[in-house]
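Have a look at the structure below, then the notes.
Just so it is clear, none of the values below were taken in a lab; they were calculated from the coordinates. Quick caveat, the model's predicted, so the values are computed rather than measured. Because the Cβ atoms are built from the backbone with ideal geometry, glycine has one as well, and the counts that use them run over all protein chains shown.
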Amino acid sequence: MNKTIFVLYLISNIIFISADNSFTFSYMLDKVKELGKMKTIAVAGGDNLTILQACRKGKDLKITNCILVGVTEKIKSEAEKGNIDISDFEIVDKRMDSEIALTTATLVREGKADIYAKGSLETKYTLKAILDNKRGLRKSRIVTGITILETPKYQKLLIFTDAHVRPYPTIIEKISLIDNAVEFAHSIGIEMPKVAAVCALEKVNHKMRETEEALKLTKMNDIGQIRGCIVDGPLSFDLAINPKIPKYKGMENRKIKGDADIILFPNIHAANLAYNLMIHLIKAKSATLLSGTKSPCVFTSRSSDMETKFNSFILAIFYSEFLKDKK
């Protein structure tokens with residue numbers, strides 16, 4: 001089954017799920033307001049309209065301060081175009097993309113900011129800065145992308161990994177993907193997240209390496225080598241997210257029966273295509289962070305809308321409090 005057919009099959013099963021979605025971005029925003037704290041976000045490339053809009057909203061709601069790093073004239077010009085007041089934001093003038101990215105990481109590393117946010121910079125500059133051994137924010141051996149989705153067609157928030165960073169994860173890297181996603185799930189109150197290692201099939205096919213690796217990860221979880229979660233795989237996507245399907249397929253003995261919290265994809269192509277279909281076709285709300293870092297890193301696309309970036313701020317604040325308590 002090729003990647004396109006797999007993703008279309010995946011989406012066809014999402015649209016029929018009933019919803020009881022009580023833990024939402026709106027709920028999380030209320031909880032962030034209750035903290036009574038303002039987190040400082042350092043933005044790598046402040047000359048981006050939607051990131052400026054998200055910064056303004058966070059400031060007006062008294063949950064964030066922002067430091068805008070980049071070319072001062074470009075930042076002010078973008079703010080003027082969008083009629084956004086940035087008079088109460090600090091601007092750190094830097095000219096080169098690599099310098100902007102590293103300066104932003106340093107602000108967070110030195111405690112002058114709590115959260116790193118990707119603004120107008122390309123991914124290659126932000127990732128290189130975050131992974132820099134001296135000035136970066138790497139905590140784990142492997143840094144991975146975490147995407148959180150709220151859809152009217154699923155009963156709870158759904159976490160995707162990895163749609164943004166690891167192209168073809170090995171089984172060792174998949175263990176880190178799980179560990180990072182599970183740590184994040186714990187940070188938003190999911191005590192024992194269910195991790196579905198999805199493939200095009202729900203049974204092992206020796207011609208499909210991904211199915212064999214999914215089974216190995218499941219067995220590692222069974223004997224306690226992967227902890228803090230429930231892992232099941234290989235699972236087809238419909239088994240992972242549609243509670244009606246296990247009965248139809250005679251899979252009622254599976255650990256995950258249409259109630260997954262985390263979807264571990266076989267590669268970045270399946271994850272990214274599924275993510276974009278969820279956003280653009282099903283109109284899911286989303287947020288994207290990096291996990292495996294010392295501090296939260298908002299890692300949204302430059303083209304993401306204001307709501308997605310603001311949702312990412314909310315989740316970053318949750319994650320920031322979790323990491324602080326963990327220390």
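GNM on the chain, C-alpha springs below 10 Å: top fluctuator among I268, I241, I51? Taking springs between Cα atoms under 10 Å, the residue moving most is I268. Amide H to amide H, with H built 1.01 Å from N, A287 comes under 5 Å of I148, counting only residues 5 or more places away or on other chains. Note on region 168-327: antiparallel DSSP beta bridges, both residues inside, total approximately 20 percent of the bridges counted.
Ranked by how many other Cβ atoms sit within 10 Å of their own Cβ, fewest first, the residues T293, T218 fall in the order T218, T293. Placing unit charges on each Cβ (+1 for Lys and Arg, -1 for Asp and Glu) gives region 155-284 a dipole about its Cα centre, and among I188, N242, H164 the Cα reaching farthest toward its positive end belongs to N242. Take every DSSP beta bridge whose two residues both sit in the chain, then give the antiparallel share in percent to the nearest 5. Antiparallel bridges make up about 35 percent of those DSSP assigns within the chain. The tail of the calculated P(r) for region 27-112 beyond 18 Å holds 42 percent of all Cα-Cα pairs.
Computed over region 214-289, the convex hull of the alpha-carbon atoms projects to a mean area of 6.1 nm².
Over the chain, dividing the summed -39,500 (n - 2.57) contributions of all DSSP H runs of at least 4 residues by the number of residues returns a 222 nm mean residue ellipticity of -13000 deg cm²/dmol.
Its relative contact order, with pairs defined as Cα atoms under 8 Å and 6+ residues apart, puts the chain at 22 percent. This ranking places D47, D93, D88 by how few other beta-carbon atoms lie within 10 Å of each, fewest first, which gives D88, D93, D47. Here's the picture: charge each Lys and Arg Cβ at +1 and each Asp and Glu Cβ at -1 in the chain, and of V231, G58, I115 the one pushed furthest to the positive end of that dipole is V231.
Springs join every pair of Cα atoms under 10 Å in this Gaussian network model of the chain, and among L289, L273, L61 the largest mean-square fluctuation is at L61.
About its Cα centre, the dipole of region 110-237 is roughly 340 debye, where the only charges are +1 on Lys and Arg Cβ and -1 on Asp and Glu Cβ. The alpha carbon radius of gyration of region 109-247, expressed as a multiple of 2.2 N^0.38 Å, is 1.16. Here, P(r) means the percent of Cα pairs in each 10 Å bin from 0 to the largest distance; for region 189-327 it is 11, 33, 36, 18, 2. The longest part of the chain holding none of the exposed loop GluC sites (Glu not before Pro), meaning those outside H, G, I, E and B in DSSP with at most 11 other Cβ atoms within 10 Å, is 1-109. Cβ crowding within 10 Å ranks T24, T300 as T24, T300, fewest other Cβ atoms first. With θ taken as phi - 60° and the Karplus curve 6.51 cos²θ - 1.76 cosθ + 1.60 applied, the whole-hertz 3J(HN,Hα) list for region 136-141 is x, 10, 4, 10, 8, 4 Hz, x standing for glycine and proline. Considering only alpha-carbon pairs that sit under 8 angstrom and 6 or more positions apart, the relative contact order computed for region 272-323 is 31 percent. Note on the chain: GNM, Cα springs under 10 Å; of N253, N242, N272, the largest mean-square fluctuation is that of N253.
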